[in-house]
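Remarks on the structure that follows.
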Amino acid sequence: MNIILITTISITIIGLLVGAGLVYVGKKFHVDVDERESAVREVLPGNNCGACGYAGCDAMAAAIAKGEAQANGCPVGGKPVAEKIAAIMGTEAGEVIRKTAFVKCKGSCEYTQNQASYVGVQDCRSAVLGGLTFTSCDFGCLGLGSCVSVCPQGAIKITDGVAFVDREKCVACGLCVKACPKGLIELIPYENHVAVQCSNKDRGPQVKKVCAAGCIGCMLCTKQCESDAIHVDANLAHIDYEKCTQCGKCAEKCPVKVITS
Amino acid sequence: MRKTFRGGVHPDDAKALSRDAALREYLPKGECVYPLAQHIGKPAKAVVKKNDPVLVGQVIAEADGFVSANIIASCSGKVKAVEKRRTISGAMQECIVVENDGLFTETEGFGERRDISAVTKEEILGAVKAAGIIGLGGAGFPTHVKLAPKDPGAIRYVIANGAECEPYLTGNDQLMRAEADAITEGMEIVLKLFPEAKGVIAIEKNKPEAIAAMEAACAGKENVSVLALPTKYPQGGERSLIDVVAGKDFPITALPADAGCIVDNVGTIYAIQRAVCYGEPLFKHVLTLTGEAVATPANFIVRDGTLVTELIEECGGIKEGLELKKALAGGPMMGFALTSLEVPVVKTTNGITLLPNDAVAEADEMMTACLHCGRCTTVCPQGLLPQIMAEAVDMGDFERYEKKLYGLDCIACGCCTYVCPAKRPLTQIFKHTKAEIMAKKRAAAGGKK
C-alpha cells in the first residue's frame, strides 16, 4: 500500500516538474512561425521536385510567406494552387500557363540507324561521356532513359528508342530537362500541340543522311505561317509559342513531317 | 624506396604481338585532320583560314590561355576547311583539315642541332610551350604548365614514366630501345629546371631490352638512374609511381608536385629533347597498332592528323578469317571504344587496339547484382572502396561519393571492373559520376561569379 502511494506521489511530482519545465522552455525558445507559411505548405502539392527553384515545398512555402516567391511559382500545382496561395497571402494569383515537357526528337529506330552498339551502364549521361554518340544522329535521343529515371510522375516512356512524354501525367517539374545530356527536352505550353520534333542543327543534306525524319531547314513552314510564329535558325525550325495560333498549316506542309499538330 | 604500390592486377599483357616490331615512320597519304581540343584545358584557337598554305612544323592553332597548347601541322599543303569533324572520342569537334600535297615541306628553323650547354630555364619552358608539347601518356596535360610548379626547388624527383603497364601497347618500349640517349638528354634538360631533383626512369621488368638500353645510356650520369619495377597494372599510374619512387603516401588531395615529384611520360621527355635541341615542335609521336585482329601489328612514329584507316591498311588490314569486333583507342584497360575508324590520330593517341572479340558485350550478358565479395577493394591502387562507391551512386548520393568515399580520386584504371566476378561496369559508373560532379562544381563556381 505504501509503495503504491509513494509511486503515485513521486510520479505526479515528476510530471508536474517536467510539465513546468516544458512550459518554460516552450516560452523561452519560442519561434514566431508565420501562420501563412504553414497554410501555404498545406496547399502546395508536396512533390519536393525543386522545379520552383527552391529546395522542396517547405523552402518554397517559406519563400512565398516572406514574399520572395510569387503565388504562381509552383509549376506543378498550376492555377488551382496559385489561387489558393493568393487567397492566403492576399495577393493576385497572376497568370498561370500549364506547361508540359516535350521531347524534340522523332528519330526512332524507323528513321535512324545505330552506328555502333552500346553496352554498359544504361544511362544516357554515362553513354555520352566524352561526347560519344552511338546513334546516327549526333543530336538525337539515345533512348537509354535518363529522363525516365528522374521523372517523379512516371510520365516518360521510351518507345522505339525515343523518349515520349505523356502530357496528362506530366507536371512540368523540369527534372527531365536537366537530366537529358543532349538537351532535347523543353517545357512548352500544355495547350500547344504544334511543335518541332527535332534538334538537329546540321544542314539539310547531312540531316538526310542520318535521319529520315529530321528537320532539314527548308523554310517551307515559315512561308506557311500567317502569324510569324515559326522561324528557321541554325538550320532548325523554332516555334514562338506566344504567337502560334495552332492552325497547323506548317505541320501540313512540312516535307519530313517533323512538326506535330 | 618501396618495392611496389598497394593493389593492382596482373592482366595478360599481350605485348608479344608487337614488342619486337621496330619503330617505323609513317607518312600520311591522304588529308590530315587536326582537332582543336587535343589537350586538357581550353581548345586552341585556329590561326589559319581556308586555302591558306601550310608547311610541316607550322603552328596552325595557338594556345588560348595558360592551360592550353599549340597545334602543329604535320604535313604540307593547303587548308581545306575549318569545320566540325568526327574525332577519336566519337564527338563532333571543330577541326582544321589540311589537304596533303605529299611533299612534307618543312618550315625553316628546325632540324639543326643546337648547342644547349648554356640554355636557360626560360628558354626551355619557352621551347616546350612553342612546340605544343602535352602529356603523351594519355591525359594530355600541357607540359609547360606541369614543368612550372610554384616552387621548383621543392621538387626532389623527376620521373620519366616508361612503365607502359597498359596491356598490348609497346610503343614506349621501342622508343626507349631506339632513342635511349635522346631520352636521357631530355631528362637532363628537365633536371635543369629543378636544381634539387634526381631523375628516375621507371620501367617495368617485362621490358628487359629497354632497361638495358636505358641503363647503358645513363651509365656515368650522376643524376639520372633507371628503376626497374615489378610488372603490375597500373604501375604506370602517376600516383602508383610516386608511391614507389618517393616511398611515402601523400594526402589523396595533393598534386604530384606537392609530393616533390614531376612525372612525365618517356614520349613527352623525348619530345622535350627534340624541341629544345632541334627546335622541332610536336607533330609526331609513337603509336602501337596491335591486337589479335590485325594482320601485322606495328609500332609507328605517326604524324598527328593521320586517319586510323590509313594505319590499319599499312598494317595489312584485318587478319584473314577474322572479323573486327572491337576497336579501341589506347589499350584494353584504359582505352575507349571507337565508333568509327575514319577518325584522325591526335597527340594523345598512343595505341589502337583491334580485337576479334567484344569482351565488354560478353561481360554485359553475364552481369549480376553485386556479390559484396570486396575484390574491387583489394585491387584498387587508390585505396578506395569501389563497391560502396557504386552503391552510393545507385542511391544518387553524390555527396557521400565525393566527401566520404573520396570518389573523385578514382583514376579510372579499370582494375575493379577487371576483377569483378559480377561483371559490373564499375569504372564507367565512376567516370560518369566524376564528370557529373565536376560539371556541377563548375556550374556552382560560374554561378557565384
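Please treat every number below as a calculation from the coordinates, not as lab data. Fair warning: this is a prediction, and the values are worked out from it, not measured in the lab. In this analysis, Cβ positions are derived from the backbone assuming ideal geometry, glycine residues included, and neighbour counts consider all displayed protein chains.
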Next on the checklist: Mean-square fluctuation check for chain B, GNM, Cα pairs under 10 Å: which of B:G374, B:G186, B:G140 is largest?
Outcome noted: B:G374
Next on the checklist: Whole-Hz ³J(HN,Hα) for each residue in region B:401-409, computed from phi via Karplus 6.51 cos²θ - 1.76 cosθ + 1.60 with θ = phi - 60°, x for glycine and proline: what do you get?
Outcome noted: 4, 7, 8, 8, 9, 6, x, 6, 7
Checklist outcome for this item: Projected onto their principal axes, the Cα atoms of chain A stretch, largest extent first, over whole-Å spans of 99, 48, 28
Checklist outcome for this item: Computed D for region B:146-261, Stokes-Einstein, Kirkwood radius over alpha-carbon pairs, 37 °C, 0.692 mPa s, to the nearest µm² per second, is 227 µm²/s
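What's the average, rounded to a whole number, of partner chain beta-carbon atoms within 10 Å of each residue's beta-carbon in B:79-89?
Working: counts 0, 0, 0, 0, 0, 3, 0, 4, 2, 1, 4.
Mean shielding count: 1.
Answer rounded, prolate or oblate for region A:38-89, using the Cα gyration tensor with square roots of eigenvalues a ≥ b ≥ c: rounded when a/c is under 1.5, else prolate when a/b is larger than b/c, else oblate. It would help to have the intermediate numbers written out before the result.
Working: a/c = 1.44, a/b = 1.16, b/c = 1.24.
Cα axes put region A:38-89 in the rounded bin.
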Checklist entry - Which value, in nm² and rounded to one decimal, describes the direction-averaged projected area of the C-alpha convex hull of chain B? => result 21.8 nm²
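Can you give the net charge of the other residues whose Cβ lies under 12 Å from the Cβ of A:C52, counting K and R as +1 and D and E as -1?
Neighbour charge sum, excluding A:C52 itself: -2.
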Item to check | Rg ratio (alpha-carbon, reference 2.2 N^0.38 Å) - region B:91-137 | outcome: 1.66
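Looking at chain A, do any whole DSSP H helices span at least 30 angstrom along their long axis by alpha carbon and average -1.0 or above on Kyte-Doolittle, and which?
Working: long enough: A:2-28 (39 Å, 1.63).
Helices meeting the criterion: A:2-28.
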Item to check | Calculated on alpha-carbon atoms, Rg and Dmax of region A:1-150 in Å | outcome: 27.9, 91
Checklist entry - Summing Lys, Arg as +1 and Asp, Glu as -1, what charge do residues with Cβ under 12 Å from the Cβ of A:G154 carry, A:G154 excluded? => result 0
Item to check | Debye equation applied to the C-alpha atoms of region A:192-261, log10 I(q)/I(0) at 0.17, 0.20, 0.24 Å⁻¹ | outcome: -0.51, -0.70, -1.00
Item to check | DSSP beta bridges in chain B [antiparallel fraction, %, rounded to 5] | outcome: 60 percent
Checklist entry - Taking the mean number of other Cβ atoms within 10 Å as a proxy for protection, how do you rank B:356-364, B:259-267 from highest to lowest? => result B:259-267, B:356-364
Next on the checklist: Apply the Karplus curve 6.51 cos²θ - 1.76 cosθ + 1.60, θ = phi - 60°, to the phi angles in region B:190-199 and return the couplings in whole Hz, x for Gly and Pro.
Outcome noted: 5, 5, 4, 7, 10, x, 8, 8, 10, x
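Please give the average number of partner chain Cβ atoms lying within 10 Å of the Cβ of each residue in A:121-128, rounded to a whole number. Kindly include the intermediate steps, with their values, before the conclusion.
Values: counts 9, 2, 3, 0, 5, 8, 2, 4.
Mean inter-chain Cβ contacts per residue within 10 Å come to 4.
Show me the ranking of peptides B:71-78, A:228-235 by mean Cβ neighbours inside 10 Å, starting with the highest.
Numbers: B:71-78: 24.8, A:228-235: 15.1.
Taking the mean over residues of other Cβ atoms within 10 Å, the ranking is B:71-78, A:228-235.
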Checklist entry - Over all residues in A:110-117, what is the mean tally of Cβ atoms on other chains that come within 10 Å of each residue's Cβ? => result 2
Checklist outcome for this item: Between B:I352 and residues 5 or more places away or on another chain, the pairs with built amide H atoms under 5 Å apart involve B:T288, B:L289, B:T290, B:G330
Next on the checklist: Against the empirical 2.2 N^0.38 Å scaling, what ratio does the C-alpha Rg of region A:99-191 come to?
Outcome noted: 1.03
Checklist entry - Out of residues 5 or more away from B:N100 or on other chains, whose amide H comes under 5 Å of its own, with H placed 1.01 Å from N in the peptide plane? => result B:E31, B:C32
Item to check | Nonlocal amide H pairs with A:T135, under 5 Å, H built at 1.01 Å | outcome: A:Q115
Checklist outcome for this item: With A:D202 itself left out, Lys, Arg at +1 and Asp, Glu at -1 over residues whose Cβ is under 12 Å from its Cβ give +3
Checklist entry - Where the Cα atoms of region A:129-261 are projected onto their three principal axes, how long is each span, largest first, in whole Å? => result 40, 33, 22
Next on the checklist: Given an 8 Å cut-off on Cα distances and at least 6 residues of separation, report the relative contact order of chain B as a percent.
Outcome noted: 19 percent
Item to check | Per-residue [θ]222 nm for chain B (sum of -39500 (n - 2.57) over DSSP H runs n ≥ 4, rounded to 500) | outcome: -8000 deg cm²/dmol
Next on the checklist: Counting only Cα atoms, I'd like the Rg/Rh figure for the protein assembly as shown, Kirkwood definition for Rh.
Outcome noted: 1.06
Next on the checklist: Apply the Karplus curve 6.51 cos²θ - 1.76 cosθ + 1.60, θ = phi - 60°, to the phi angles in region A:153-170 and return the couplings in whole Hz, x for Gly and Pro.
Outcome noted: 9, x, 8, 10, 10, 9, 10, 6, x, 10, 6, 9, 9, 7, 4, 5, 7, 5
